[in-house]
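First up is the structure itself, then whatever we jot down about it.
The values are calculated or read from the model by the stated rules, or taken from the named source; none is laboratory data. What you see is a predicted model, and the numbers here were worked out from it, not measured in a lab. Cβ placement follows ideal geometry from the backbone for every residue including glycine, while neighbour counts extend to all protein chains displayed.
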Amino acid sequence: MPLWMVIARGPIFRFALAVFVLGLLRLLLLTLWGMLQSVRQAGDQRIPYGKLLRETLSWIFPFGQLVRTRRIYSFASFGMHLGILGAAIFLGNHLDILRANIGLAWPAIFKPVLDGLSVITILAGIYLLLYRIYVPSSQKLSKRMDYLLLILILNLFISGYVAGQTWNPIPYDGLMLFHTLNGLAIALLAPFTKIAHCVLFPLIRLGSEIAWRLTPQGGSRAVRTLYGPDGRRI
């Protein structure tokens with residue numbers, strides 16, 4: 001194995017993994033602490049946790065939500081998320097790197113299945129990238145980082161898929177360097193970009209519910225802030 005690959009899969013991988021795990025853990029703990037503080041100060045603490053859990057699960061496994069609006073976009077987004085999770089967590093080569101660095105691994109998924117998920121992810125990623133570029137409503141909401149993340153993900157999956165095929169026309173070592181650098185970049189960016197929703201998403205429903213449980217006189221103070229001391233009655 002080339003020296004650069006040993007370094008990338010060893011110390012650089014461990015550094016990126018530490019940033020990824022510790023950065024996301026920090027965000028998760030800060031969010032949970034903020035929510036706990038908000039609950040303590042809420043004017044109405046009767047929060048329907050059971051209902052919120054059901055709603056959260058319905059979006060984590062959104063089979064009933066995909067056909068409601070923007071069907072193609074929804075299926076593409078779901079397919080890409082499924083492929084990312086499958087390849088990141090269950091690809092044999094990834095698990096070998098994880099085992100070598102931290103001694104932890106689990107059974108891998110058969111390569112043909114992951115190849116199929118990779119193709120779905122690539123097609124979905126291309127669709128989502130074109131959607132952001134050409135659909136005005138999505139253009140207005142998209143930032144440079146949104147495009148960069150999609151490009152990094154496409155680079156990662158295309159290079160990984162091609163490298164694993166017998167017909168690969170590109171020198172394997174160079175292609176794997178490109179693949180590895182894209183993967184490390186995504187891991188390093190994750191705690192500072194929208195990728196952080198991988199740990200924060202389950203808290204969105206609960207956080208939104210808590211946000212509307214205003215502190216005593218909170219509504220009146222909000223009105224005074226918006227409209228001055230002679231603001232509207234509520």
If you go through region 71-109, how many residues are more than 21 Å from the chain's Cα centre (by Cα), closer than 16 Å to Leu17 by Cβ and not in a loop (DSSP other than H, G, I, E, B)?
7
Having 1 or more residues that are under 28 Å from Pro11 (Cβ atoms) is the bar; report the helices (runs of 4 or more DSSP H) wholly within region 110-198 that clear it.
111-134, 144-163, 172-189
Close pairs from region 81-97: first farther than 16 Å from Leu150 by Cβ, partner among the small types (Gly, Ala, Ser) and assigned to a helix (DSSP H, G or I), Cβ under 7 Å, at least 6 apart:
His94/Ala88
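What residue, among those in region 53-70 that are surrounded by 13 or more Cβ atoms within 10 Å (Cβ to Cβ) and either of a type in the set (Val, Ile, Thr) or not in a helix (DSSP H, G or I) (or both), is modelled with the lowest pLDDT?
So the residue we want is Leu66.
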Checking Arg205 against (1) modelled with pLDDT of 80 or more; (2) buried (at least 17 other Cβ atoms within 10 Å of the Cβ); (3) of a type in the set (Lys, Arg), which test does it fail?
(1)
Any pair with Cβ under 8 angstrom, 6 or more apart, that starts in region 115-135 at a residue that is in contact (Cβ under 8 Å) with a residue 12 or more places away in the chain and ends at one that is aliphatic (A, V, I, L, M) and surrounded by fewer than 16 Cβ atoms within 10 Å (Cβ to Cβ)
Leu117/Leu82; Ile120/Leu82; Thr121/Leu82; Tyr127/Ile72; Leu129/Ile151
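Taking the options Gly50, Gly10, name whichever one is out of contact with any helix residue (DSSP H, G or I) (no Cβ under 6 Å at 6 or more places or on another chain), surrounded by fewer than 16 Cβ atoms within 10 Å (Cβ to Cβ) and either hydroxyl-bearing (Ser, Thr, Tyr) or under 23 Å from Leu188 (Cα atoms) (or both). Give the derivation first.
Numbers: Gly50 fails: either hydroxyl-bearing (Ser, Thr, Tyr) or under 23 Å from Leu188 (Cα atoms) (or both).
That would be Gly10, the only listed residue that is out of contact with any helix residue (DSSP H, G or I) (no Cβ under 6 Å at 6 or more places or on another chain), surrounded by fewer than 16 Cβ atoms within 10 Å (Cβ to Cβ) and either hydroxyl-bearing (Ser, Thr, Tyr) or under 23 Å from Leu188 (Cα atoms) (or both).
Taking the condition under 30 Å from Pro171 (Cα atoms) and part of a helix (DSSP H, G or I), does Gly50 pass?
Here the answer is no, as Gly50 does not meet what is asked.
Asp173 - would you say it is in contact (Cβ under 8 Å) with a residue 60 or more places away in the chain and not aromatic (Phe, Trp, Tyr)? Outline the logic, then answer.
On the way: in contact (Cβ under 8 Å) with a residue 60 or more places away in the chain: yes; not aromatic (Phe, Trp, Tyr): yes.
The answer is yes for Asp173.
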Enumerate the pairs (first residue in region 190-212 and under 9 Å from Leu24 (Cα atoms); second residue anywhere and surrounded by 15 or more Cβ atoms within 10 Å (Cβ to Cβ) and among the polar types (S, T, N, Q)) with beta-carbon separation below 9 Å, excluding pairs fewer than 6 apart on the same chain, so at least 6 apart or on different chains.
Val199/Thr31; Leu200/Thr31
Which of the following residues is aliphatic (A, V, I, L, M), in contact with a Cys (Cβ under 9 Å, 6 or more places away or on another chain) and more than 16 Å from Gly183 (Cα to Cα): Leu24, Leu29, Leu3?
Leu24
